Amino acid sequence: MQKLYSLSTEAKANKTNNAKLKVANSFTWKDCAQRNKQFTEELDIKNIKSEIKIGWISTWNTKCGIANYSRHLANEISLPLKIFAPNADQPINVDENYINRCWEIGEDQLDRIEAELINSNINVVIIQFNFGFFNLEAFNQFIIKLRAQHIIVILVMHSTKEPEHNKEKKLNILGAGLKNCNRILLHTIADMNRMKEHGIIKNTTLFPHGVVFSEAQIKSPKKTQSRKLIEYTIGSFGYFLPNKGLLELIEAMKIIQKSGLKIKLYMYNAEYSIPESAELIAEAKELIKKNHLDNAISLDTSYHCDEAIAEKLSTCDLMIFPYQKSDESSSAAVRSALGLSVPILVTPLEIFDEIKCLSNRTEGFSPQHIADAIINSLKNLYGESNQYQSFLDKLDDWKSEYSFSSIGYQLEGMITACYQDQQSDIDK
C-alpha cells in the first residue's frame, strides 16, 4: 500500500484504468456465471468418478503382448480397478492383490467371471479382445448379459481379421454383442473399415496402441553423427513364433555376410509356451550352424523384463521385424523399439501401416528382400544423408499422441463420459 501511495498521479491513473479493464473483461455477470457453472461441473465429475468401479478383463502377468499392453495402460488410469484374468500356469511374477483369476481361455461358459464382476459391484468393464481368448458364442452372450444389467462395456479389439486357420472364429457371431457395447476401440483405419463392413459403426472409436518412451535410453556416438558403413549392430525382438520371419532373417544374414559387410545380429526372441516355438528355435540354431553364422548371430530365447530388454535393444542401430503374415492390428514389439528411439525395418504388412511414417520397409518378404533393405536402411540412416536425425524429429512429433500416458488420459475421459451418459439415461 505504501508503494502504491508513493506512485505518481499518472502511474496511479494507469493502474486504475488497467484494473477497470480487467473487471470489465473478466468479472461480468456472464463470466461469473460461467465460472460457477464450471466449478459445479468439476464437482459433478469428481462425484461421478468416485462412483466408478472398473473391471479389467485381460491376460495379465504372463508372457503375452496383450498382458504387457494391459499393464502399461491400466497403470495410467487413476480410477479404481480390479483385474479379472484367466488362470495361468506360469505367471511371470507373484500376482498383485487386485488380480482375480476366474476364467479359462477359450471356455464355453463365462458365468463365473460374470458372477465375480457382479459380486465386486463392477459398473464398468474394459475387455482386451483377441480371437484366441474367447469362445465367440459365449463371449457374445456375456456382453449382452452385462449390458442388460446396465454395466458399461468398452471393448479394446487387438485384432479384427478373422483367423484363416480357424473358420469358426467369425465376427458375425459377435454381431449383437458388438452393437451393445458402449464403445469399441480399434487401433487402425483398416480395423474401422472392417467393422463398418459388418455394420458396426456408431460405437467405434480409433484408439492407437500405446508406446512406452524410455527416458534412460543408452546414447551411442554412432547414433549422433554421420559415419561410413563399417560395422553395425542390428536386432530382432518378440516371441519366437511362426510367421515372424525369423528364419528368413537368418537367411538374410547369410547374404549380408557374403557381401563383405560387418553386421552383428542380436536376436532377442523369447520362446513361447507352444510346441511350435521350441521347434522353430531348434531349426534356427541348426540354420545358424549350417551357414557358419555363429559369430554373426547371437540367439537369446530367454524372456527378459521390460527394463532388461530395453537396455539390450537400445544399443542397436536398427531393429528388424521381418513378419511374413499377421492377423494382429498392431505390434507391441515394434513400439518397444520406437520407445527407445531405435529405427525399425518392417515388411509391407497391414500391421505396420500405422507407423509407416517412422519405419523403413522391405520391398518383399524373401531373405534377399530383407538383406537388401537392411543394407540400404543402414546406409541411409548413418551415411552421408544422416537420416537418423530426421527419424528422431518425426518420433518427437509422434510421442505426444501415442504415449501410454496420453491414451490412458483419453480412456479415462471416455470411461467417465460413458458412465455419465448412462446415469443420465437411467434418471430420465
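Taking first residues from segment 289-302 that are assigned by TED's automatic domain parsing to the domain that holds residue 251 and partners that are basic (Lys, Arg), the Cβ contacts under 7 Å between residues at least 6 apart in sequence or on separate chains come to 291/254; 293/254; 296/264; 299/285.
Tell me yes or no: at least one residue of segment 387-396 is surrounded by fewer than 16 Cβ atoms within 10 Å (Cβ to Cβ), part of a helix (DSSP H, G or I), within 18 Å of the chain's Cα centre (by Cα) and not hydrophobic (A, V, I, L, M, F, W, C). Yes, some residue in segment 387-396 is surrounded by fewer than 16 Cβ atoms within 10 Å (Cβ to Cβ), part of a helix (DSSP H, G or I), within 18 Å of the chain's Cα centre (by Cα) and not hydrophobic (A, V, I, L, M, F, W, C).
If you go through segment 331-351 and keep only what is in contact with a Ser or Thr (Cβ under 7 Å, 6 or more places away or on another chain) and over 16 Å from residue 394 (Cα atoms), you end up with 346, 347, 348, 349, 351. Restricting attention to segment 411-428, the residues that are surrounded by fewer than 15 Cβ atoms within 10 Å (Cβ to Cβ) and within 23 Å of the chain's Cα centre (by Cα) add up to 2.
Does residue 243 satisfy the criteria of being under 24 Å from the mean Cα position of the chain (by Cα), at pLDDT 80 or above and closer than 27 Å to residue 299 by Cβ? So residue 243 passes the test. Based on this model, can you work out whether residue 100 counts as surrounded by 14 or more Cβ atoms within 10 Å (Cβ to Cβ), without any contact (Cβ under 8 Å) to a residue 24 or more places away in the chain and in contact with a strand residue (DSSP E or B) (Cβ under 9 Å, 6 or more places away or on another chain)? The answer is yes for residue 100. Return yes when residue 145 is free of Cβ contacts under 8 Å to residues at least 12 places away in the same chain and out of contact with any Phe, Trp or Tyr (no Cβ under 8 Å at 6 or more places or on another chain) and no when it is not. So residue 145 fails the test. If the condition is being under 27 Å from residue 90 (Cβ atoms) and of a type in the set (Val, Ile, Thr), then segment 243-295 contributes 274, 281.
For segment 198-212, does any single residue satisfy the condition of being more than 30 Å from residue 139 (Cα to Cα), surrounded by fewer than 20 Cβ atoms within 10 Å (Cβ to Cβ) and at pLDDT below 95? Show your work before the answer.
To start, the set of residues in segment 198-212 that are more than 30 Å from residue 139 (Cα to Cα) comprises 212.
Filter once more, keeping what is surrounded by fewer than 20 Cβ atoms within 10 Å (Cβ to Cβ): 212.
Restricting the remaining residues to those that are at pLDDT below 95 gives 212.
Within segment 198-212, one or more residues are more than 30 Å from residue 139 (Cα to Cα), surrounded by fewer than 20 Cβ atoms within 10 Å (Cβ to Cβ) and at pLDDT below 95.
When the residues of segment 165-195 are filtered to those that are closer than 23 Å to residue 410 by Cα and exposed (fewer than 13 other Cβ atoms within 10 Å of the Cβ), the one that is farthest from the chain's Cα centre (by Cα) is 193.
Among residues of segment 318-346 that are of a type in the set (Asp, Glu), those with a Cβ under 7 angstrom from a residue that is in a loop (DSSP other than H, G, I, E, B), sequence gap 6+ or separate chain, pair up as 327/159; 327/161; 327/163; 328/158; 328/159. The residues in segment 244-278 that are touching a Gly at 6+ places or on another chain (Cβ under 7 Å) and in contact (Cβ under 8 Å) with a residue 60 or more places away in the chain can be counted, and the count is 1. Of all residues in segment 39-47, none satisfies being β-branched (Val, Ile, Thr) and modelled with pLDDT of 85 or more. Against the test of being touching a helix residue (DSSP H, G or I) at 6+ places or on another chain (Cβ under 6 Å), over 16 Å from residue 234 (Cα atoms) and not assigned by TED's automatic domain parsing to the domain that holds residue 194, the options 366, 329 yield a single qualifying residue, 329.
Of all residues in segment 48-99, those satisfying the criterion of being touching a Gly at 6+ places or on another chain (Cβ under 9 Å) and among the aromatic types (Phe, Trp, Tyr) are 69, 84.
The values are calculated or read from the model by the stated rules, or taken from the named source; none is laboratory data. In this text, all values refer to a predicted model and were calculated from it rather than measured experimentally. Ideal geometry is used to build each Cβ from the backbone, glycine not excepted, and the neighbour counts take in all protein chains shown.
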